[in-house]
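Just so it is clear, none of the values below were taken in a lab; they were calculated from the coordinates. Quick caveat, the model's predicted, so the values are computed rather than measured. Cβ coordinates were reconstructed from backbone atoms using ideal geometry, including for glycine residues, and neighbour counts include every protein chain displayed.
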Amino acid sequence: MSADKSYLELRGARIKEDVHGYLCLNDLHDLSAANASKAPSKWRLLPTTKELEKALLANGRFSSIIKKTSSGTAAYSKKGKNGGTFAHHILALAYAEYLSPELAIDVKDTYLKLRAGDVEFLDEVLEKAEQAKKWQGTRDASKAARERFAGVLDAHGCNGGDIGYVTNAIYIVLLGGKVGDVKTARNLPANASLRDNLELKELVQTMATEVMASERIEDEDRRGRHECYDATARSAAFIKDAFDRERADRKKK
């Protein structure tokens, strides 16, 4: 990469770079040939990505640079011919690792080696990327559990708003409130996906509840929104109790 280029040459492809050294995540996504579920817009919604952005802003070395950019953020999106989602090079490395470890090595070798001292921050970046991959795997599995749960509810007389009503039984038991209340408490936009903002352990509990509630509703032949709500709340209580008892049983060395 030379000073007169506004892009990074990687594997024979061009990765756009803005005046602040931010790399285009869309170009990395295209280069990796990953599916749409790993698009930059979806990756930025992951809890681990948000944590990494906060870590960058909290790091004096990087925050001073970020604050001087036109957006004042570690990542931004723009429209147009040369548009896309652009991110600080440390964040771009995390995204590359999320897409493919091999791609991350290429990004590091061709870009980060030009930034002396940045390697001190790499361990945290790679750890966050690995956490993101684990979270995404669990999220994908949870979607299958969600689809089955919705199908069981539909087969047992629940449809439309009934499904949301019954689902709130899970959130009330596990998260302390209905979906809207939890979003408000966590400062999430009203149109945000709550599940895309759950921690890994919360996602696992929610998925486990939907699996067990589906079985309970079928085994007990629960019908209608109220019976299905009660069955789901009971399953959620068992899941919560199991997690709580496991934590209480841990012994400190």
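Using packing as a proxy for protection, rank 180-193, 33-46 so that the peptide with the highest average count of other Cβ atoms within 10 Å comes first. Mind showing how you got there, number by number?
Details: 180-193: 12.2, 33-46: 14.7.
The most tightly packed comes first, giving 33-46, 180-193.
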Peptides ranked, highest mean first, by Cβ atoms within 10 Å: ranges 203-212, 153-162: 203-212, 153-162
Pairwise label distance in nanometres, Ser41 with Leu57, each label 7 Å out on the Cα-Cβ vector: 2.2 nm
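Which order do the peptides 84-92, 239-247 take when ranked by the mean count of other beta-carbon atoms within 10 Å per residue, highest first?
The peptides rank, most packed first, as 84-92, 239-247.
Stretched out fully, how many nm does the piece from Ser70 to Lys50 gain, at 0.36 nm a residue minus the Cα gap? Could the numbers behind the result be given before it?
Values: separation 20, 0.36 × 20 = 7.20 nm, distance 1.97 nm.
Extra length from Ser70 to Lys50 when fully extended: 5.2 nm.
Report the percentage of all Cα-Cα pairs in the range 15-66 whose separation exceeds 18 Å, rounded to a whole percent.
Values: 614 of 1326 pairs.
Of the Cα pairs, 46 percent sit more than 18 Å apart.
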Rounded Å value of the spacing that divides the Cα centres of the range 221-253 and the range 32-90: 37 Å
